[in-house]
Amino acid sequence: MSAISRSKPKHRAADKVAELERQLKDQQAQTASAFGQLIGAADTIAILEADLADVRAKRAKAEQVVVCLAADLDDLAAENIGLLDRNEALQKQLAPFLAAEANRNAVTVPPAERDTSRFEDQATAPIDVRDLRDRFAAGPVVSLQHSPQAADPAHIPAPAA
């Protein structure tokens, strides 16, 4: 037995080889994972490129449709202006005929007269509708409750002279 104890084990070559093999396996696993990601990214890029080509084709078609619609819109606007001018000219030609037709078919009504032959329709006495200031200018308004004029509801105070 040896009286000397060692705090650190000896560095053996076999230990170093085992550590290097473990590091190699870890790097191989990382490389395989990165390769899988690379393949997935390449597939995604291919799909995105196909989608981009599809979008570009649809955009070109949409631009062509917009150009055709703009040309149609310009043609219709020019036609609309021509039709508006023609309509205005026709209205000017038609105006005298419309006026003559309106005059020929005018509705005329004689002045209204009230039929007072029935008892219910007999005319009443004229109602005094003078302005309140004129009617009560004689003085302050007083209660007619206790006055002799209270019996006559048509009594209106005389205006001030």
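Every read-out reported here was derived from the displayed coordinates using simple, explicitly stated rules and does not represent laboratory data. Everything numeric in this text was worked out from a predicted model, so none of it was measured. Neighbour counts run over all protein chains shown; Cβ positions are idealised from the backbone, glycine included.
Full extension of the chain between Phe35 and Phe119 gives 18.7 nm of extra length, using 0.36 nm per residue less the Cα-Cα distance.
In this calculation the C-beta distance from Ala89 to Val65 is compared with R0 = 45 Å, giving a FRET efficiency of 0.80.
One chain, two ends: Ala57 and Asn103. Fully extended at 0.36 nm per residue, the span grows by 9.9 nm beyond their Cα-Cα distance.
Rounded if a/c is under 1.5, else prolate if a/b beats b/c, else oblate: with a ≥ b ≥ c from the C-alpha gyration tensor eigenvalues square-rooted, which is region 65-120? In terms of gyration-tensor shape, oblate.
Given R0 = 35 Å, the distance between the Cβ atoms of Arg22 and Ile45 translates into a calculated FRET efficiency of 0.50. Using only the Cα atoms of region 14-124, build the gyration tensor, take square roots of its eigenvalues as a ≥ b ≥ c, and label the shape rounded, prolate or oblate: rounded if a/c is under 1.5, else prolate if a/b is larger than b/c, else oblate. Here region 14-124 falls in the oblate category.
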